[in-house]
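One structure is given here, and the rest of the page talks about it.
No value in this document is a laboratory result; all are computed from the given coordinates. Just so it is clear, the model here is predicted, and its values are computed rather than measured. Positions of Cβ are backbone-derived with ideal geometry, glycine not excepted, and every protein chain shown enters the neighbour counts.
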């Protein structure tokens with residue numbers, strides 16, 4: 001049987017997902033023990049990479065398309081006592097951004113009903129080194145989200161994006177086609193924050209306006225001028241000497257958009273909806289194993305069979321890759337929604 005996808009065109013967006021575990025919070029240990037934190041609000045024995053990602057163990061030991069999603073999209077949360085009522089509401093408003101675009105539900109921590117995996121939200125402004133930071137994906141037991149920038153709504157949304165499974169957009173393996181990292185302008189010792197993830201999967205176009213993208217002055221040392229103080233995320237007006245990320249032609253019009261913390265991009269929302277899909281969503285593409293199982297990570301590879309037999313009536317069948325797809329001799333008369341994840345899909349009779 002020949003493959004039903006005749007051609008593929010178009011670029012792809014990255015979402016990076018990693019499996020991390022925190023020492024001292026495995027299920028076999030007391031799940032009610034609070035993590036011991038250092039002066040940055042980071043669990044003892046762990047570190048912060050890429051400015052705001054909490055990771056324990058080897059930072060290169062990452063699994064793309066890992067299994068550390070929140071099962072069923074249900075995420076428990078709790079607040080430290082230092083998070084006042086106003087900031088608690090700001091957090092709930094940020095969580096609602098992800099609930100609105102994907103099958104994700106945040107609920108107050110209730111271990112008797114939902115188990116012990118949860119997010120613990122802290123105000124880090126009292127720490128020796130205040131920071132906005134989070135682990136990536138779900139880890140066993142308690143995991144920390146530190147917030148210092150309470151007044152910036154989409155900074156909080158960004159950190160919850162990490163907790164749900166996103167790495168940074170500029171870490172995608174094909175990023176050098178779209179942006180240039182100005183390594184001579186990066187604060188000494190911070191170069192590792194711009195590492196790529198060479199084994200990452202991609203989907204959709206490079207997303208310059210993603211809330212998961214660094215700003216153009218991330219970790220800037222403001223050139224070689226010794227009189228200019230190194231300032232993270234700030235270039236003042238001296239962009240020529242301070243910018244650490246330059247958007248390459250023909251996409252230079254996006255330069256001012258990278259580092260967006262004002263709105264969620266189309267692809268931020270779309271990919272999260274695929275990571276946490278509705279229960280009646282199924283997927284067709286070429287990434288499946290054998291015939292596939294219809295999930296996002298293991299899509300069905302035969303559109304005709306998926307449409308005529310496998311996908312239930314009334315469901316949504318996502319065609320994940322642009323191009324011409326053959327529907328065989330079947331008439332499109334089943335009550336089902338055919339949707340395209342990106343680009344143009346032509347159904348060929």
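On a C-alpha basis, how far is the centre of segment 137-211 from the centre of segment 86-131 in Å? Whole number, if you could?
Comparing the Cα centres of segment 137-211 and segment 86-131, I get a distance of 19 Å.
What relative contact order, as a whole-number percentage, does segment 278-348 give when Cα pairs under 8 Å and 6 or more residues apart are counted? Before the final figure, lay out the partial values.
On the way: 136 pairs, mean separation 20.5, N = 71.
Relative CO of segment 278-348 lands at 29 percent.
Sorted by mean Cβ packing within 10 Å, highest first, what order do the peptides 149-160, 178-189, 77-88 take?
With the highest mean Cβ count within 10 Å placed first, the list reads 149-160, 178-189, 77-88.
Calculate the translational D of segment 148-220 in whole µm² s⁻¹ from Stokes-Einstein, where the hydrodynamic radius comes from the Kirkwood formula applied to all Cα pairs, the temperature is 25 °C and the viscosity 0.890 mPa s. Can you show the working numbers first?
Working: Rh = 13.5 Å.
Value of D from the Cα-based Kirkwood radius: 182 µm²/s.
What spacing in nm lies between the two simple spin-label points modelled at residue 308 and residue 187, each 7 Å away from Cα in the Cβ direction?
6.1 nm
Between residue 129 and residue 331, what FRET efficiency follows from the Cβ-Cβ distance if R0 is 45 Å, with the result rounded to 0.05?
Working: r = 63 Å, r/R0 = 1.41.
According to the calculation, E is roughly 0.10.
If the convex hull of the alpha-carbon atoms of segment 278-348 is projected onto planes in all directions, what is the mean projected area in square nanometres?
Computing the convex hull of the Cα atoms and averaging its projections yields 4.3 nm².
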